[in-house]
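Below is one structure, written out as structure tokens; comments come after it.
The values are calculated or read from the model by the stated rules, or taken from the named source; none is laboratory data. Model, not experiment: these values are computed from the prediction. All Cβ positions, glycine included, derive from the backbone under ideal geometry; neighbour counts span all protein chains shown. The protein model used for the area step is the full one, side chains on, heavy atoms only, and it has no ligands, DNA or RNA in it. Shrake-Rupley method; radii C 1.70, N 1.55, O 1.52, S 1.80 Å.
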Amino acid sequence: MSEIRFTRRSLLKVAGLTATGVAAPSLWIRPGFGQPVNWQGGDPFALGVASGTPSDDGFVLWTRLAPDPLPRDPDKPGGMDGEPVMIGYEIATDDGMRDVIRRGTTASEPELAHSVHLEIAGLMPGRPYWYRFHSGTATSRVGRARTLPASADALAQLRFGFVSCSNYEHGYFSAYRHLTEENPDAVVFLGDYIYEGSNPKIAVRLHDGGEAATLTGYRNRYAQYRLDPDLQGLHAAAPALVTWDDHEVENDYASTWSPTFEDAGRFLDRRTAAYQAFYEHMPLRAASRPTGAAMHLYDRFRFGNLAEFSMLDGRQYRSREACYGPPKKGGAHLESDAVCPERLEQQRTMLGQQQEAWLFDGLSHSAARWNIMAQDVLMAQFKQRAPDEVIGYWTDDWDGYPAARSRLLQHIADSKVRNPVVLSGDIHSFWANDLKRDFDNPASETIATEFVGTSISSHGPPHDVFVKCLPDNPHVNFFESRLRGYSFVELSAKTMTTHFRVVSDASKPDAAISTLKTFVVEDGRAGAQEA
Ligand code: FE
Ligand code: CA
């Protein structure tokens, strides 16, 4: 196989440009390596644009050339074939793109499905920028990016949304549209951004191609999601901080263990494909580009001295789910301590040793007023009663890794981390929880606050079953699983105000928005108070 990898420099040479040279738009119309210039086959920017992974002098700008985003035969790759295509970009200080302060060229990467992950540096801190791409006769929509404030800056306010669990088949993405309208400084994606499976029986709209399990399958799945106007609009409007949960690969997987007890090597091939497709479609730095089956996703973002976000990876490094294996189905189940003492083993890990050490070190040294841990699954203990009244714990969330949870909360308490807040997804319901030193003793210290946002569209767990468990879990201050939506946070030095927003009906594309509840966390006092 002849592999042609154009470096940025060689492309620029071909195009007659220099790395610092200003490219006039007319140059971008020159044919790029035999690729069609007039894009008669379709809009190469049909999947939109995105920005994310901000620093105090830049960000990553993303697009993917896909003039034929979804093939008629869903087993065939969508997008486009062929060699790298030259892409021009512009960055401006205004939304009308009149004051362009940066122009340049880059190239699509065929081995990454013709995506672009453009790392921009050298800009001013703490301000918005607007950007767009050009290729031949085509121009992308304008997107808005934002640099982080300088890390010592006193930032008066930060406004951000957090979202999870957008199952395309379960509903429309009105929640994404309404979040866009709030004009957030950033959006935190907590996972289950796509769903690999398919269930036509309950689908409001169908996934193309059934279950995704190959690189082509995952790529087409991301393309289908990014064609959604509400999701595409959100990415164009706000910088993304991203992590994943299980459905980006397979329901309830843990590290190399599949819920179907598939051979580890075969499952790792699937995970490799899924991670690559995730990278290809997210505004992530080259440092996150997968090598083999591994992908470095966890990262830290400082918004001046106001907030530090630790984006955590809760899937890649975790221990095998407790009491895994046939004849039980899947990786996740309720387990009692009598039947499954393995769940309580001290060496069990949710984050893996390296990430755990990185997180602990970051928390110890943080100078931020608010320390936000954004991650995939419910952290608070949640006792559930089986029909025989025996108490069980769900093995897929932090209840499957209680020793790891205790280590984290102990570390937060010992190093006096200022205002620790955990943001979680996965469970398709709203929660406001006190994270306790000892969950079995309601009088014990509340070490941190947890907010769980409901799903964008994915169906929630049975409300009556969960409500019956609440008396056994007095640290759960609020629970609601019947509604879909997102969470919106206004952060100041004094308070964190979290609004639980709900859509009127996720099965309708034009759902209205309203506020279900608002909670306030005060500086210096863990735990949410209803506003
Ligand atoms: Fe989910
Ligand atoms: Ca999940």
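Could you tell me which of rounded, prolate or oblate describes segment 69-120, using a ≥ b ≥ c as the square roots of the eigenvalues of the alpha-carbon gyration tensor, with rounded for a/c under 1.5 and, failing that, prolate when a/b is larger than b/c and oblate otherwise?
Note, shape of segment 69-120 comes out prolate.
Calculate, in nm to one decimal, what D510 and S406 gain on full extension: separation in residues at 0.36 nm each, minus their alpha carbon distance.
On the way: separation 104, 0.36 × 104 = 37.44 nm, distance 4.33 nm.
Between D510 and S406, full extension yields an extra 33.1 nm.
Over the chain, what per residue volume does the convex hull of the Cα atoms give, in whole Å³? Show your work: numbers first, answer last.
Numbers: hull volume 79.0 nm³, N = 531.
For the chain, the hull spanned by Cα atoms encloses 149 Å³ per residue.
Tally Lys and Arg at +1 and Asp and Glu at -1 over the other residues with C-beta under 12 Å from the C-beta of A511: what net charge comes out?
Working: positive: R177, R484, R501, K508; negative: D230, D505, D510.
Net of charged neighbours comes to +1.
Based on alpha-carbon centroids, what's the gap between segment 175-253 and segment 40-95 in Å, whole number please?
One Cα centre to the other: 16 Å.
How high is the relative contact order of segment 369-424, in percent, counting Cα pairs under 8 Å that sit 6 or more residues apart? If you can, show how the numbers build up before the last one.
Details: 62 pairs, mean separation 29.9, N = 56.
Once normalised by length, the contact order is 53 percent.
On alpha carbon coordinates alone, what is the Rg over Rh value for segment 334-465, Rh being the Kirkwood radius?
Values: Rg = 15.2 Å, Rh = 15.7 Å.
Rg divided by Rh gives 0.97.
If you roll a 1.4 angstrom probe over the protein chains with everything in place, what fraction of the accessible area of the chain belongs to carbon and sulfur, to the nearest %?
Details: 10340 of 20310 Å².
After summing per-atom areas, the C and S share lands at 51 percent.
Tell me the net charge near R146. Cut-off is 9 Å between Cβ atoms, R146 excluded, with +1 for each Lys or Arg and -1 for each Asp or Glu. Don't skip to the end; give the middle numbers.
On the way: positive: R127, R144; negative: D185.
Here the count lands on +1.
How about segment 256-339: which trypsin sites (Lys or Arg not before Pro) there are in a DSSP loop, with at most 12 other Cβ atoms within 10 Å of their Cβ?
Details: sites: R266, R270, R271, R285, R300, R302, R315, R318, R320, K328, K329; in loops: R285, R315, R318, R320, K328, K329.
Taking segment 256-339 and a limit of 12 other Cβ atoms within 10 Å, the loop trypsin sites (Lys or Arg not before Pro) found are K329.
Over segment 63-174, consider all pairs of different Cα atoms and compute the Kirkwood hydrodynamic radius from their mean reciprocal separation; express it in Å, one decimal. Intermediate results must be reported in sequence, preceding the final value.
Numbers: mean 1/r = 0.0590 Å⁻¹.
Kirkwood radius, segment 63-174: 16.9 Å.
With labels modelled as points extended 7 Å from the Cα through the Cβ direction, what inter-label distance (nm, one decimal) is found for T260 paired with R289?
Going from the T260 label point to the R289 one covers 3.1 nm.
Give the average over all directions of the projected area of the C-alpha convex hull of segment 395-481, one decimal, in nm².
Details: hull surface 23.7 nm².
Over all viewing directions, segment 395-481 projects a mean Cα-hull area of 5.9 nm².
Report the Cα-based extents of segment 444-494 along its three principal axes, largest first, to the nearest Å.
37, 32, 10
Over the chain, calculate the relative contact order: mean separation of alpha carbon pairs under 8 Å at least 6 apart, over the residue count, as a percent. Mind showing how you got there, number by number?
Values: 1369 pairs, mean separation 72.1, N = 531.
Across the chain, relative contact order equals 14 percent.
Tell me, rounded to the nearest percent, the portion of alpha carbon pairs in segment 228-335 spaced more than 19 Å apart.
Details: 3032 of 5778 pairs.
The proportion of pairs with Cα distances above 19 Å equals 52 percent.
Local charge sum around P67 (other residues, Cβ-Cβ under 11 Å, Lys/Arg +1, Asp/Glu -1)? Write out the running numbers ahead of the final one.
Details: positive: R64; negative: D43, D68, D81.
It works out to a net charge of -2.
Tell me the Kirkwood hydrodynamic radius of segment 104-168 in angstroms, computed as one over the mean inverse distance between distinct C-alpha pairs.
15.3
Filter K329/K508; K328/K468; K76/K201 down to the pairs with a C-alpha to C-alpha distance above 29 Å, please.
Details: K329/K508 33 Å; K328/K468 25 Å; K76/K201 24 Å.
Distance filter (> 29 Å) returns K329/K508.
Please list, by residue number, every one of the GluC sites (Glu not before Pro) in segment 386-484 that is coil in DSSP and has at most 11 other beta-carbon atoms within 10 Å. Numbers along the way, then the final one.
Values: sites: E389, E445, E450, E480; in loops: E389, E445.
Those satisfying the criteria are E389.
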